[in-house]
Structures are given as structure tokens and as C-alpha cells.
Amino acid sequence: MSHVDSLESRLKEEAARLGFVQCGIARVPAEWLAGGRLHVWLGEGAHGEMGWMADRADQRAHPAALWPEARSAIMLGMSYAPPADPMLLAEERGMGRISVYAQGQDYHDIVKKALKALARWLVAQGEALQLKVFVDTAPVMEKPLAMLAGLGWQGKHTNVVSREHGSWLLLGAILTDLELAPDPPAEDRCGSCDACQSICPTQAFPAPYRLDARRCISYLTIEHKGPIPKEFRDSIGNHVYGCDDCLAVCPWNKFAATAHAHLAFRGRAELQAPDLADLLALDDAAFRQVFAGSPIKRIGRARMVRNALIAAGNSGDPALSSIVERLLDDEAPVVRGAAIWALARLDRPRACAAIWRMDREEDADVIGEWRALA
């Protein structure tokens, strides 16, 4: 069989037909430095509240620990390259910034559906094999595997960078017991560039190629469940779900054509630049309706409104004071605490008046937040 007609080449053609812009193959390595780095990172506590990272760390540390029969990793990438620079909204303080990947359909559903279709195709080729598909929710280190398979390299922001698609790739993996011909691994091409390190509002990178999730805006607005630590609130700006700053400034994005982006990830109009007032007004039913089919739905209404309150406090717009004040009586403590902080930023006399009216036991979190600000 010629190289053109090989199983590997036909696999890549099918992957492209299913919407993947990149497909590479890696042999499951006998030794893998990424596993050691994972344990160091967890030992430093840099994963914050993401207990699921530590719970299955031994399986996550090496693909063979998750599935001993695995011989090859088929790594896939879908593009979600945005039509405009996400940084353009940084100064639009009356609007919330939602990470580009979350403005369209839930990538878990889209990527997994395509992975399953590719897996069925592979089985139909008559090869005696077993396989497993993974999209982000299993203990698989997709980014080091993607580098090993030649999709791109892990940049200084720790995400995969592709020469053709920049920093805008969503990854999926198929592990199989079939021994496929591997692709050359990608070379690190970051060079001396430190744009992603310098742009980070919360200085979440203690060193190149290292991320302290506890300082990352994506972690703080998505994974972190309690009050946003005070030291990061100013720096969050108008981010209400995730952060693209370190991705957006990557020079390799100049090669990332929007035409290659999967249509499912095209941003919904109401999520590209939502008004903070609209986000602050969300009740549970409205939240579920607005974010149906979006990955945002998993954080729940309280965290989204908490994030919007931080953005409102940073907006400098006193017109938001009335709706912020109403949230002082919200049923969620994390919302009430953020509301008094935001109101104090927008209209301190109004916040003072509101706090004097409070003497109920359920107001304790708001009063405690106010004392910390006083």
C-alpha cells in the first residue's frame, strides 16, 4: 500500500471531512516527562480547587496508566479562530467579556460527536482494534500528546500553539491499541517572545511554560466557587467568563484564518458582547435559557452573576448601582458579597446607606465584606 493510500493518510482525510483542521499520530511513549511535571504542579497546589486534577493524577500522568493497552494516540484539533481580536472589548466596560470558545455551542458535544464518528470509521476499516475517545473530561494530558503528535507546541501560556491555527485549537484524543505510524513531534517556536506572559492581568505565570491556576482569570471566573479574592478583582476588568488575553496576543495567530473555524463555534450575538445590566438581571430560569447549549451553563447562575458584579464594580458606571443594590438581597451568599463590593465602587454613599439597613443574620456575609472594605 502506498503512502497516499495508507490507513494513516485516509484517517486524516476522514478527520478533515468531519471538521478537524488537524490530525496527528503519536506513539504512546514508554517514559513521559509531562507526568513528572504534573505531579510537581499539583504538589505546589497550583491547581487550586480543581480537585479532579489530583484525584486521578496517577492515571493522568501517563496514557498507559489510564489504559495499559494503548499503543497510539490520534490527536485532533478543531479551530475556533475568532473573526475579531478579543482584546477589542477590553475598554468596553459596560459589556462583559466571554471567552471565545464559549460563545458558540458546547465544544464537548461538538468535538466528541466528531471523535465518535471518526472512531466508527476506523473500526469499519476492518482493523482488529480497541479504542477510546476523550474530550477534556477524562484524565488525559491532551496538550503534551498534541505536541508529540505534531499538532503544535505548548507555548509559554501552556496552551497548544499551531503554526497554521495559532492558539485557537480545541483538542480531542483517540487512544487505540493499533500501532499506527507516528508523525514528527512539533518543535517549540516561541523563541524569545513573552507577549502572553506580559499581558496577563493577574500575573498568573510565575515562569514561562508554568501557570498558577489560582491567579488565572479563567480559573477564577469558572472553576473557583467562592468570592473572588480581593487582590484580583481590579485586574479581572470586564471578564465574566474565562479570559483570552494570553491567547489573543500570540503572534502566531496571524496565520489563524477564521475561514477554518468550525461553524458550531461561531459566537452567538448575545454572547459576543453582553451588556452587564442584562447579566446582572438574570434569574435561574433566564440563565438556563440564555446559556442553553453553552459550556457556560455548568457554572450556574450565581457564579455568572458574581462575575458580572465584579465587572460592574470595575465599570465605573453609576447607572448600574440600582440593579447592583437589588442583588444585596440575593439568595446566593457569593452574589450578596460581590454586590456590596460593586456598589461601594460605584456609589459609596449608597453602599453606606444600604449597609446600615442590614441587621439580619443572613446579611452577615455582606456586612463582613463591607467591614473588609471600610
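Numbers at a glance
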{"read-out": "Which of 176, 221, 202, 158 has the fewest Cβ neighbours within 10 Å, and the rest in rising order", "value": "158, 202, 176, 221"}
{"read-out": "Distance (nanometres) between label positions extended 7 Å along Cα→Cβ at residue 284 and residue 331", "value": "0.5"}
{"read-out": "Normalised contact order of the chain, rounded percent, pairs of Cα under 8 Å and 6 or more residues apart", "value": "20"}
{"read-out": "Relative contact order [Cα under 8 Å, 6+ residues apart], region 275-374, whole percent", "value": "24"}
{"read-out": "Spin-label model distance (nm) - residue 120 vs residue 207, 7 Å beyond Cα toward Cβ", "value": "4.7"}
{"read-out": "Zone of residue 269's modelled label, taken as backbone nitrogen in region 71-94 under 18 Å from a point 7 Å along Cα→Cβ", "value": "83-84"}
{"read-out": "Cβ-defined net charge surrounding residue 113, 15 Å radius [Lys, Arg +1; Asp, Glu -1]", "value": "0"}
{"read-out": "Neighbourhood charge, 10 Å Cβ-Cβ cut-off, centred on residue 132 and excluding it, Lys, Arg +1 and Asp, Glu -1", "value": "-2"}
{"read-out": "Pairwise centroid distance, computed over Cα atoms, of region 315-332 with region 126-163, Å", "value": "43"}
{"read-out": "Cysteines without a disulfide-compatible neighbour (Cβ-Cβ under 4.7 Å), the chain", "value": "23, 190, 193, 200, 216, 243, 250, 352"}
{"read-out": "Global form of region 1-134, assessed from the alpha-carbon gyration tensor, a/c cut-off 1.5", "value": "oblate"}
{"read-out": "Whole-number D in µm²/s for region 7-274 (Stokes-Einstein; Kirkwood sum over Cα pairs; 25 °C, 0.890 mPa s)", "value": "128"}
{"read-out": "DSSP H segments from the chain that extend 18 Å or more along their own axis, Cα-based, with Kyte-Doolittle mean of -1.0 or above", "value": "107-124, 300-315, 333-346"}
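Where a number appears in this text, it was derived from the coordinates with a stated rule and is not lab data. Predicted, not measured: the structure shown is a model, and the values here were computed from it. Cβ sites come from the backbone with ideal geometry, for glycine too, and all protein chains shown count toward neighbours.
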